[in-house]
Amino acid sequence: IAERGHTIGLRSYSNSYQKIYQSVETYLEDFKEIYDLVYETTGVRAEIFRFPGGSINSYNGGIYQELIAEMLRRNFVFFDWSVSGEDGSISDMTADEVKQRVLTNMAGKDRAVVQLRDSVGKEATVEALSGVIEELRAQGYNFQPLTAAVLPVLFSYKSAP
């Protein structure tokens, strides 16, 4: 992926929200692990990331402001999402269901960051992707890589999960 020039973004080393969000320090320790692993593997010093569960979630409620401030101080840019295929919360979705959820959730949006998963068990998401891209292009959307220069999509208090 890195050799093909794609943007490398980070999420977390652990998937344990309880562990990651115990404190700002535990988050930073976890982030350093994934940052170092990606750098050692790809030679890329990633600049963008996504907070597990988004920047405002039920696990980081007491620390999210300090955490965001610290990550920005360290010159990282984070992205939340404004559209989801809902493939993380609903198991056994078909490719058509993933596609339809993305298209429905895109309605009325000029700009979006779409959250989809490509992990084990999410083959339907991978199958849906080409159809999602085709349909969104037909509707006039275009696709651009996320970089540190792109204006991020961020959760607000009102839109937080």
Order the following by accessible area, largest value first: E47, E70. Probe radius 1.4 Å; ligands, DNA and RNA are ignored. E47, E70
Solvent accessible area, Å² - L37, 1.4 Å probe, full protein context: 80 Å²
The chain, accessible surface, carbon-and-sulfur percent (1.4 angstrom probe): 50 percent
In Å², rounded to a whole number, the accessible area per residue of the chain with probe 1.4 Å is 62 Å²
Cα centre as origin, Lys/Arg/Asp/Glu Cβ charges: the chain dipole, Debye: 460 debye
Could you work out the local net charge near G9, counting Lys and Arg as +1, Asp and Glu as -1, over the other residues with Cβ closer than 10 Å to its Cβ? +1
To the nearest 500 deg cm²/dmol, what mean residue ellipticity at 222 nm is calculated for the chain from DSSP H runs of n ≥ 4 alone, each contributing -39,500 (n - 2.57), summed and divided by the residues? -12000 deg cm²/dmol
Quick one: how many Å² of R137 are accessible to a 1.4 Å probe, rounded to 10? 150 Å²
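The values are calculated or read from the model by the stated rules, or taken from the named source; none is laboratory data. None of these values were measured; they are calculated from a predicted model. We place every Cβ from the backbone using ideal geometry, glycine too, and count neighbours over all the protein chains shown. Just the protein is used for accessible areas: all its heavy atoms, side chains included, with ligands, DNA and RNA removed. Shrake-Rupley method; radii C 1.70, N 1.55, O 1.52, S 1.80 Å.
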